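Heads up, the thing below is written out as structure tokens.
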Amino acid sequence: MSAFIRWSSQPLEDWADRFAQGKFIDLDGQPTHYIEKGEGAPVILLHGFFYDSYLWVSNIDVLAERFKVYALDLWGFGYSTREPMDYGYQLYSDQVSTFMDALGIQRASLVGQSMGGGTAIVFCLQHRERVDKLLLVGSGGMPHSLPLAPKIITLPWVGEFLFGLSTNAIRRKNLGDFMIHNKELLAESYVENVTRFHKIKDTTECLLTIFRKQFFFSLSDEIHRLAKLDVPILIVWGREDKSIPLRIGEEMHRILEGSRLEIIDGVGHVPNYERPEVFNQLAIDFLL
């Protein structure tokens, strides 16, 4: 058995050379990794917390049959920069804007999961003319209190200790408790692929900084403002979501009059992975 490679230990460039599947672009001096596939109308995929663009592994190729798909690694995640920043929805909205400018994308539909959904909401409010449609998947934004276990991680030194242990167990537990409902889908290969970027130097520090800022559920006013805009919105939620419960999605749907809510049974916070055949068809039908 090979020796365990410590979390937050590997140089970004070395790890990216070994494992990054996409392209790199410099955005305001910050290396940014993204996957680009397909032809057609642009669709930008924005991952949530804990993940990177691998979140969309079961969706990119299918969507790319109809659309030009871009899956970003948001700053602090995946193979993008680890430079200290003022992490939050504004930063990520700015990253999306700069990315679109750099690639000459005038308008796109945004698909955001969890934190990526909150990013899509803020971007749409600030750049309505550049958004065709919004697809929000277990989206962040609405007020919501964290369960006890995640709150413990915000305590000084606790997160550093737990996420520094030389084991996959803590990350696997996080995926099983709050992300994936069907535990049969938590194969070793999936856990390894999801958390591979956690090996990159300074990742633990970035993740804990972002998590402790607790901006995920801070968009109540913005969501009410979004309701006043004329933009097509599809909300997709897992009925068994333990990270952001379905009632939060139902409240978002109520506020966003004219939006459509699709609930997928038997899945958690990442319905696009647990039931990709259902999610992909919903996404294609909506985005066309």
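What follows draws every value from the coordinates through simple rules; no lab data is involved. Since we're looking at a predicted model, the values are computed, not measured. In this analysis, Cβ positions are derived from the backbone assuming ideal geometry, glycine residues included, and neighbour counts consider all displayed protein chains.
Taking 26 Å as the straight-line reach from the Cα of LYS68, the lysines in range (excluding those fewer than 8 positions away in the same chain) are LYS23, LYS37, LYS133. Restricting region 202-287 to trypsin sites (Lys or Arg not before Pro) that sit in a DSSP loop and have at most 11 other Cβ atoms within 10 Å of their own Cβ leaves LYS228. This structure gives percent of Cα pairs over 23 Å apart, computed directly, and of (1) 51; (2) 60; (3) 69 that value is listed as (1). Our summary gives region 157-267 a relative contact order of 27 percent, counting only alpha carbon pairs under 8 angstrom and 6 or more residues apart. Each residue, ARG247 and THR209, gets one label point 7 Å from its Cα in the Cβ direction; the gap between the two is 3.5 nm.
Using the scaling law 2.2 N^0.38 Å as the reference, what is the normalised Cα Rg of region 170-288?
On the way: Rg = 16.3 Å, N = 119, 2.2 N^0.38 = 13.5 Å.
Here the Cα radius of gyration is 1.20 times the empirical estimate.
When both bridge partners sit in the chain, DSSP labels roughly 25% of those beta bridges antiparallel.
A simple spin-label model places the labels of ASP26 and GLU277 4.7 nm from each other, with each point 7 Å out along Cα-to-Cβ. Where both bridge residues fall in region 1-111, DSSP classifies roughly 55% of the beta bridges as antiparallel. Of the Cα atoms belonging to region 91-140, the radius of gyration and Dmax stand at 9.9, 29 Å.
Couplings 3J(HN,Hα) of region 121-126, computed from phi: 4, 5, 4, 4, 4, 8 Hz, in residue order, whole Hz [Karplus 6.51 cos²θ - 1.76 cosθ + 1.60, θ = phi - 60°; x for Gly and Pro]. Each label point was placed 7 Å from the Cα along the Cα-to-Cβ direction; for GLU39 and LEU103 their separation is 1.7 nm. Relative contact order for the chain: 21 percent, from Cα pairs under 8 Å spaced at least 6 residues apart, divided by residue count.
Dividing the helix sum by the residues of the chain, where each DSSP H run of 4 or more adds -39500 (n - 2.57), gives a mean residue ellipticity at 222 nm of -10500 deg cm²/dmol.
Stretch ARG18-ALA169 to full length: gain in nm at 0.36 nm per residue minus the Cα-Cα span? Mind dumping the intermediate values first?
Working: separation 151, 0.36 × 151 = 54.36 nm, distance 2.39 nm.
Fully extending the segment from ARG18 to ALA169 adds 52.0 nm.
The peptide list 126-133, 110-117, 61-68, put in order of mean Cβ contacts within 10 Å with the highest first, becomes 110-117, 61-68, 126-133. Here's the list of aspartates and glutamates a cross-link from LYS213 could span, going by alpha-carbon distance under 12 Å and ignoring same-chain residues fewer than 8 apart: ASP86. The alpha carbons of region 50-184 occupy a box of 44, 35, 29 Å along the principal axes, longest dimension given first.
Taking amide H as placed 1.01 Å from N in the peptide plane, ILE235 has its amide H under 5 Å from the amide H of LEU136, ARG260, LEU261, GLU262, each at least 5 places away in sequence or on another chain.
Around the amide H of LYS133, modelled in the peptide plane, lie the amide H atoms of SER109, LEU110, all under 5 Å away and 5 or more residues distant in sequence or on another chain. Residues in region 126-148 near a label at SER220, defined as backbone nitrogen under 19 Å from the 7 Å Cα→Cβ point? Only 139-147 fall inside the zone, counting backbone N under 19 Å.
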